[in-house]
Amino acid sequence: MTDFGGTEVLRVDDSAVPVPGPDEVLIEVDAAGVTYGDVMKRQGAFGTFDLPAGLGQQVAGTVRRSCSGGPAVGSRVAGMVEHGYAELANAQADSVMPLPDSVDGRDAASLWVHGVTAYQTLRDAGRITSGDTVLVHAAAGGVGTLAIQLARLLGAGAVIGAAGTPQKLDHIRSYGADFAVDYSEAGWAKAVFELTDGRGVDLVLDSVGGQTSLDTLDCVAPFGRIVTFGAASGTPPTYSGMALMTQNLTVTGYSLMSWRSRPAAVSQALEQLLAFTADGRLRPKVTEYRLDEVVEAHRALVDRQTVGSLVLRP
Ligand SMILES: NC(=O)c1ccc[n+]([C@@H]2O[C@H](COP(=O)([O-])OP(=O)(O)OC[C@H]3O[C@@H](n4cnc5c(N)ncnc54)[C@H](OP(=O)(O)O)[C@@H]3O)[C@@H](O)[C@H]2O)c1
């Protein structure tokens, strides 16, 4: 990116081959995930940094240079990177995970950010308990499509996905949600409440914020938990303390960046995600774009035209 702003700041260009630092590996990128975080970074929502700069936090590919204690040169890995929209990218050696033979690179490229976030918001932040009824917002998206499947794998009794179009609701059902609700329609929270026979949901994954977060309070069970980890609407949640108090609700924040200070938990999550994907219990939904179609990929994401995860292939 050459500046902060709209998609006009994105350009495919030649740059020097990255030189890995002493704790880094050089990955030849097979697929680079595109996330909503990349969109926000481009828009300047995460602050400014030196430009021009690359984007892209999650990649899968083949190790071309390694470091002491790092993965073997030639091995296939998934890793977290700074500039993944590229043919070659450096990753911290402790962030890369070997790929099982049966896991495709493009699927693996959706797991580092989207998969780990879905898993950790359910398990670590949301403390999912067997039998919980779980509501996932933006459930047709990258994190959401994995979260509705993982909720079930982690013991949910019922899974409800919310999204904004009939096509997305079909997608959510086809990935195993028990119910799909259109949260662009007035009264959606009441509909969720009725789906739970008037009990409310136990756990909510909320990456949307704004009015959606406020409406959510109408369908959470007493003692329910809400994990807030994004604000795709442009506005973080503004719950009233009184509303939380009267229902004994817990709101927990989640940031993958902060969790990276606890690498063992993140690695365990990724390991589990790769195992679920290898044995077919987790089905990433991935749409491919060529690297030089990065503008189209970002536009589709901002225009809410996508389901599942997007990857760029160099
Ligand atoms: N905290 C963390 O560490 C962390 C890590 C990863 C992701 N995230 C957050 O998780 C969310 C999902 O990320 P993702 O990469 O998987 O994206 P995504 O869900 O594939 O795409 C974002 C979705 O948000 C929904 N949305 C609601 N209001 C929107 C608006 N005003 N503009 C655009 N989209 C809107 C759209 O679904 P509908 O059309 O169905 O409403 C859209 O498809 C994002 O908010 C992201 O910032 C946070």
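One table, with the values for the structure above:
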read-out: Long-range Cα-Cα pairs in the range 68-190 (distance over 25 Å), rounded percent; value: 36 percent
read-out: Extension gain (nm, one decimal) between E28 and D218, 0.36 nm per residue minus Cα-Cα; value: 63.6 nm
read-out: Reciprocal mean inverse distance between Cα atoms of the range 1-73 - Kirkwood radius, Å; value: 14.0 Å
read-out: Where only alpha carbons of the chain are counted, the Rg and the Dmax (Å); value: 19.3, 59
read-out: Residue-count net charge about R76 - beta-carbon cut-off 14 Å; Lys, Arg +1, Asp, Glu -1; value: -3
read-out: For the range 114-257, diffusion coefficient by Stokes-Einstein and Kirkwood Rh (Cα), 37 °C, 0.692 mPa s, µm²/s; value: 227 µm²/s
read-out: Estimated [θ] at 222 nm from DSSP helical runs (n ≥ 4, -39500 (n - 2.57)) normalised by residues in the chain, nearest 500; value: -7500 deg cm²/dmol
read-out: Inter-probe distance in nm under a simple model that places probes 7 Å from Cα toward Cβ, at A275 and M242; value: 4.8 nm
read-out: Within a Gaussian network of the chain (alpha carbon springs, distance under 10 Å), most fluctuating of S66, S258, S213; value: S258
read-out: FRET efficiency estimate (nearest 0.05) - Cβ-Cβ, V19 to R127, R0 51 angstrom; value: 0.75
read-out: Cβ crowding within 10 Å averaged over residues, with 29-35, 288-294 ranked highest first; value: 29-35, 288-294
read-out: The range 112-180: relative contact order in percent, alpha carbon pairs under 8 Å with at least 6 residues between; value: 31 percent
read-out: Gap separating the Cα centres of the range 57-72 and the range 212-239, nearest whole Å; value: 38 Å
read-out: Cα gyration tensor, the range 236-314 - rounded (a/c under 1.5), prolate or oblate; value: oblate
read-out: Restricting the range 93-143 to trypsin sites (Lys or Arg not before Pro) in coil, as DSSP defines it, with at most 16 other Cβ within 10 Å; value: R127
read-out: Contour excess over end-to-end distance, with Cα ends at A191 and M257 and 0.36 nm allotted per residue; value: 20.3 nm
read-out: Debye intensity ratio in log₁₀ form over the Cα atoms of the range 152-203, taken at each q of 0.19 Å⁻¹; value: -0.63
read-out: DSSP-defined antiparallel bridges as percent of all bridges, the chain, nearest 5; value: 50 percent
read-out: Net length gained if the chain between S75 and R313 were fully extended (0.36 nm per residue, minus Cα distance); value: 83.8 nm
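Only the coordinates and a few stated rules stand behind these numbers; no lab work does. Predicted, not measured: the structure shown is a model, and the values here were computed from it. Glycine gets a Cβ as well: all are built from the backbone with ideal geometry, and neighbour counts include every protein chain shown.
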